[in-house]
Every structure is written in structure tokens, then in C-alpha cells.
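Quick notes on the structure that follows.
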Amino acid sequence: MPTEAPHMAEVTDYYLALGVADRATSDEIKRAYRAVVRSCHPDHHPGDPAAVERFKEVQRAYYVLSSADRRMAYDASRLGWGGLDASPFARPSGPSGFDPLASLFFGDEPAPSLRGADTETQVRVSFDQALRGGRTEVRLGDGETVPLVVPKGVRSGLKVRVRGRGRRAPSGERGDLYITFRVDPDDQFRREGDNLHLTETVSAIEALLGTTRSITNAYGQTVKVHIPAGTQPGERLRLRGQGVETATRRGDLFVEVRVTVPRSLTDEQRQLLAAAAERAGLL
């Protein structure tokens, strides 16, 4: 029996489809669209139906967000205008099979359907798998296993849709499955959006005189960080482009400097430090 191909989850939020914030400018939306549409264009993925669906989703998202009027109406719908779902991930709220957002922008009409009900579930992924993306599977309540593609750089709370994997109606037609990603925390890195935070400990002398450290980023790459002379405890150093990588951008890595002070010194050490500090005019 052939192995079932993993499903490319459909992002039901147009801003997430383009990888931009809901406060993004029109220029930022245009740039993001150009970057995403190049990466998922079917010409670059021949024979891949998931790429075709992703391409269609990106086209639809840009059609809505590139127009000031359509975007205004869409933003209003995301806030619960007109009785639509107030969740930022709008999902069908009318008769089964009728998507109110599609009706708002594309003229779809509600029609009776015998499709089954939509279902929701969660999937947990490790911090490393969220960074790198990959494949996982979701086990449903009836024991069915659904293969799933994990988007590179996925955040905790992202909700996606897999068509035709909801409950089955007597007619045989199934509803959709909505999956929310939950990302496990990491012991070393703390994530905020697409930025990562790391703590590096240095001695008081190193903070005073400055030093260079080699650290390992979240992708296992060695990166040198220069700690300037006079760095204060708690000061943050920014390493651009060393954060979370997604389909459209890469965040930054912030290194917070923790300064340690020796709890005790020998008499000789104390005398030498005091003499050096006095000569340098620090005492």
C-alpha cells in the first residue's frame, strides 16, 4: 500500500498566508507576496498538488490585502463585524460548507451541503522541529492518523486547516480538520515572534575590558559575538539574521549579558587588583 502523502495545512488567516503582521503597510504586503509567490510557484514544484494549493491561497490573500477597501472589510470581519467569527483565524460559521469570508470577497453563495462537521485538534512539536519544519502526524479521536507538513518557523498558536479530514457525513463527504500548533519551550532559547533571546555569562573583568565569545545559535551554527568594553549587566546585544527563519524572513538573536563577580579573592589578588585600579584612576 503506498504511503499517504502529508497534507499541506491551509492557513486560514490572510496575513499569516503572506507572513506579515496585521499592521503591515501596503509595501510590506507587496514585498512579502513577491517573496512567497516565488517560493511556492507551481513551476518550481512540478507535480506537487500541495504547492498548487499554497499558490492559490497566497493569490487569494494578496487579492484581499492589496486593496484598501477589501482589506478594511476583511479586518472588520476578523473583529467580529457582521456576526463573523471574531477569531483571527476565520473559519466557516454559516451553513456547512459556506465560508463567509469567501462570500464577502469572491461572491460565493451559501448552498445546502451534506458534508460532515468540522473538527479541531492540537499537535505538539519540539522547539527544533518548529524551527526547521518537517513532517509529523496527527492522531484523531477515531484512531485515524493524518500526515502533516510542519511549516518552517511555525509559531505556537498557529491554526491551519486540512480539507476533507473532519467528520464524515452519511453521504460520505467529510468536513475540514482545524489544527493548532503548540511548540514546546527550549531550555536555552526564548522566542518572541521571530526573534530569539539567549543569556551569555561573562566575568566582571571581561565586561570591563571587553571580550569576544563564540556562541551556538538555535540552528547549531557557531557565531562570534563581540562584547564591548564597559558592557553593563543585563545589556542586550543584537545579532541580525540569527533568529527564527520562516518562508519570508529571518528574525534576530538577542544576547543578554550576565556579569558574574567573584565572591572571594585571595589577599594577593585583592592587592594586585587594588593597585592596578589605583594606577588606572579607577579608585
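The values are calculated or read from the model by the stated rules, or taken from the named source; none is laboratory data. This one's a predicted model, so the numbers in the text were calculated from it and none came from an experiment. Note that we place each Cβ from the backbone using ideal geometry, even for glycine, and neighbour counts take in every protein chain shown. With ligands, DNA and RNA removed, areas are computed over all heavy atoms of the protein, side chains included. Shrake-Rupley method; radii C 1.70, N 1.55, O 1.52, S 1.80 Å.
Here are some notes:
- Some residue of region 198-210 being touching a Cys at 6+ places or on another chain (Cβ under 9 Å) and of a type in the set (A, V, I, L, M, F, W, C): no
- Filter pass, Gly175 being buried (at least 16 other Cβ atoms within 10 Å of the Cβ), under 22 Å from the mean Cα position of the chain (by Cα) and not acidic (Asp, Glu): no
- Just one residue in the set Phe105, Phe89, Phe98, Phe55 is open to solvent by less than 70 Å² (accessible area, probe 1.4 Å) and modelled with pLDDT of 80 or more; that residue is Phe55.
- Among residues of region 116-128 that are of a type in the set (Phe, Trp, Tyr), those with a beta-carbon under 6 Å from a residue that is open to solvent by less than 70 Å² (accessible area, probe 1.4 Å) at least six positions away or on a different chain give the pairs Phe127/Asp184; Phe127/Asp186.
- Members of region 137-166 found to be more than 12 Å from the chain's Cα centre (by Cα) and surrounded by 17 or more Cβ atoms within 10 Å (Cβ to Cβ), listed by number: Val138, Val146, Leu148, Val149, Val160, Arg161, Val162, Arg165, Gly166
- Scan of region 14-31 for residues that are closer than 11 Å to Arg249 by Cβ and of a type in the set (Val, Ile, Thr), ordered by number: Val20
- Among the residues listed as Arg70, Arg60, Arg31, Arg38, the single one being within 20 Å of Lys159 (Cβ to Cβ), open to solvent by 60 Å² or more (accessible area, probe 1.4 Å) and either in a helix (DSSP H, G or I) or at pLDDT below 85 (or both): Arg60
- Of all residues making up region 210-237, the number that are closer than 21 Å to Arg155 by Cα and either open to solvent by 70 Å² or more (accessible area, probe 1.4 Å) or in contact (Cβ under 8 Å) with a residue 60 or more places away in the chain (or both): 2
- Candidates Leu209, Leu196 - the one that is touching a Phe, Trp or Tyr at 6+ places or on another chain (Cβ under 6 Å) and aliphatic (A, V, I, L, M): Leu196
- Verdict on Leu283 being in contact with a helix residue (DSSP H, G or I) (Cβ under 6 Å, 6 or more places away or on another chain) and at negative phi: yes
- Restricting Leu283, Leu265, Leu273 to residues that are open to solvent by 90 Å² or more (accessible area, probe 1.4 Å), under 16 Å from Ile205 (Cβ atoms) and not basic (Lys, Arg) narrows the list to Leu283.
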